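Before any comments, here is the structure.
The values are calculated or read from the model by the stated rules, or taken from the named source; none is laboratory data. Here the structure is a predicted model, which is why all the values come from computation and not from measurement. We place every Cβ from the backbone using ideal geometry, glycine too, and count neighbours over all the protein chains shown.
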Amino acid sequence: MTRIKVMVVDDSAVVRQVVTGLLDEDPEIEVIAACADPILAIARMKTQWPDVIVLDVEMPRMDGITFLKKIMAERPTPVVICSTLAASGAKTSIEALSAGAVAIITKPTIGLKQFLVDASDDLVTAVKAASKANVRKSQPVAVREKHTADVIMSAVDKHSAMIQTTERVVALGTSTGGTQALEVVLTSLPRVTPGIVIVQHMPEKFTAEFANRLNSLCQITVKEAQNNDRVVPGRALIAPGGKHMLLRRTGAQYYVEVMDGPLVNRHRPSVDVLFRSVAKCAGANALGVIMTGMGDDGAVGLKEMRTAGAHTLAQDEESCVVFGMPKEAIKLGGVERTVPLGHIAREIMGQLRM
């Protein structure tokens, strides 16, 4: 068995020691180097390149974000950010994800050693997940009881979607690698688009900063969804971290409901919850797109959308960072076609001509 070669880059000797010890305990992982800053890491990588890098953000001589961008430009490699800045600054986390980081683990400023020991399972799982990420083309969750969308709303029946409307809705679901993928899609859209609703698996407090970043880059308006926000042309609503988002309808108008509830497929927000609500409220007036991500969240919901008459797409394997969610949706029969990431915006615009 080939072990996953990991490099730890952190200016704290305690972090380097503890993280190295925790990772080396796993028989599938080998820490090949622990470096105090990116300059030392670059020198070490000339002799042996890691499969995964565990990286701090705030370091001397070169900060972690600059190092991350350098690595992604020169030789893309899966990176797991492990930093106190990730806890205090959502903007830093979004910048890291946008630059190509696969996962983020936040560490506290106090009680650090005990935290790293307590979070060892998360760290090991993140490294293993990152090792499978296809970062050249463009997390772990603790095992809990796996709920379906039934805990939020009942399944779709053939009479539940109202047909008479000219308004189109596009529903996007994504996870690992989705921050970059959504940026590609949304920045490619003109000002006039169908209304868009999005679930990106992301922690609470991060989604507002993510939406703000996209809004600054896009022609369309992008915002973190609030309860009762209207779904209108030229606007994309992103489900807030830690909340489910559902599509609702009054007459010919669509809006979103933002609500608490159990984890669904171990996620909140859940793609399945959003997709099921779109199947019920929009039916054939919708387009469902499932994109890069780990696991199977969204597979059942996309099948329900297709059954309700919606068109459905999956991002193709070649352009995915992780092909888990699209693959499961394809296996379940919920996908009409697979398309490259660069074609998704065009497919969204095709909704206006239907």
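Take the conditions farther than 30 Å from ALA282 by Cβ, modelled with pLDDT under 60 and in a helix (DSSP H, G or I) and apply them to ALA86. Does it pass? Let's see the steps before the verdict.
Details: farther than 30 Å from ALA282 by Cβ: yes; modelled with pLDDT under 60: yes; in a helix (DSSP H, G or I): yes.
So ALA86 fits the description; yes.
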When you look at ALA279, is it surrounded by fewer than 19 Cβ atoms within 10 Å (Cβ to Cβ) and assigned to a helix (DSSP H, G or I), yes or no? no
Is it true that GLY177 is crowded, with 24+ Cβ neighbours inside 10 Å, on the phi > 0 side of the Ramachandran plot and within 14 Å of the chain's Cα centre (by Cα)? yes
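Suppose the filter is assigned by TED's automatic domain parsing to the domain that holds ALA345, among the charged types (D, E, K, R) and more than 19 Å from PHE206 (Cβ to Cβ); does ARG230 pass it? Talk me through it step by step, then tell me what you get.
On the way: assigned by TED's automatic domain parsing to the domain that holds ALA345: yes; among the charged types (D, E, K, R): yes; more than 19 Å from PHE206 (Cβ to Cβ): yes.
Judged against the criteria, ARG230 is a match.
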Considering each residue of the range 28-51, count those that are under 27 Å from MET1 (Cβ atoms), over 25 Å from the mean Cα position of the chain (by Cα), of a type outside the set (Gly, Ala, Ser) and crowded, with 16+ Cβ neighbours inside 10 Å, and give that number. 5
Looking only at the range 299-334, count every residue that is touching a Phe, Trp or Tyr at 6+ places or on another chain (Cβ under 6 Å) and within 16 Å of LEU274 (Cβ to Cβ) and tell me the total. 3
Quick check, is MET349 in a helix (DSSP H, G or I) and at pLDDT below 95? yes
Could you tell me which of the residues ASP51, ASP10, ASP63 is out of contact with any helix residue (DSSP H, G or I) (no Cβ under 7 Å at 6 or more places or on another chain) and either outside the structural domain of SER120 (by TED's automatic domain parsing) or among the acidic types (Asp, Glu) (or both)? ASP63
Please state which one of GLU183, GLU204, GLU209 is outside any helix (DSSP H, G or I) and either over 15 Å from the mean Cα position of the chain (by Cα) or surrounded by fewer than 24 Cβ atoms within 10 Å (Cβ to Cβ) (or both). GLU204
Return yes when LEU287 is farther than 21 Å from GLN253 by Cβ and either part of a strand (DSSP E or B) or not assigned by TED's automatic domain parsing to the domain that holds PRO340 (or both) and no when it is not. no
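Have a look at VAL322, VAL273 and point out the one that is assigned to a helix (DSSP H, G or I) and touching a Gly at 6+ places or on another chain (Cβ under 9 Å).
Of the residues listed, the single one that is assigned to a helix (DSSP H, G or I) and touching a Gly at 6+ places or on another chain (Cβ under 9 Å) is VAL273.
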Out of curiosity, is ILE344 out of contact with any Asp or Glu (no Cβ under 8 Å at 6 or more places or on another chain), closer than 18 Å to GLY195 by Cα and among the β-branched types (Val, Ile, Thr)? yes
Unique residue being within 18 Å of GLN200 (Cβ to Cβ), in contact with a His (Cβ under 9 Å, 6 or more places away or on another chain) and not basic (Lys, Arg) when the list is GLY295, GLY301, GLY350: GLY295
Given (1) farther than 16 Å from ALA96 by Cβ; (2) out of contact with any Asp or Glu (no Cβ under 7 Å at 6 or more places or on another chain); (3) buried (at least 20 other Cβ atoms within 10 Å of the Cβ), index of the condition VAL54 fails: (1)
Are any of the residues in the range 108-124 assigned to a loop (DSSP other than H, G, I, E, B), outside the structural domain of GLY178 (by TED's automatic domain parsing), aromatic (Phe, Trp, Tyr) and surrounded by fewer than 21 Cβ atoms within 10 Å (Cβ to Cβ)? no
Just one listed residue, out of MET325, MET305, MET349, is of a type in the set (A, V, I, L, M), assigned by TED's automatic domain parsing to the domain that holds GLY242 and surrounded by fewer than 24 Cβ atoms within 10 Å (Cβ to Cβ), and it is MET349
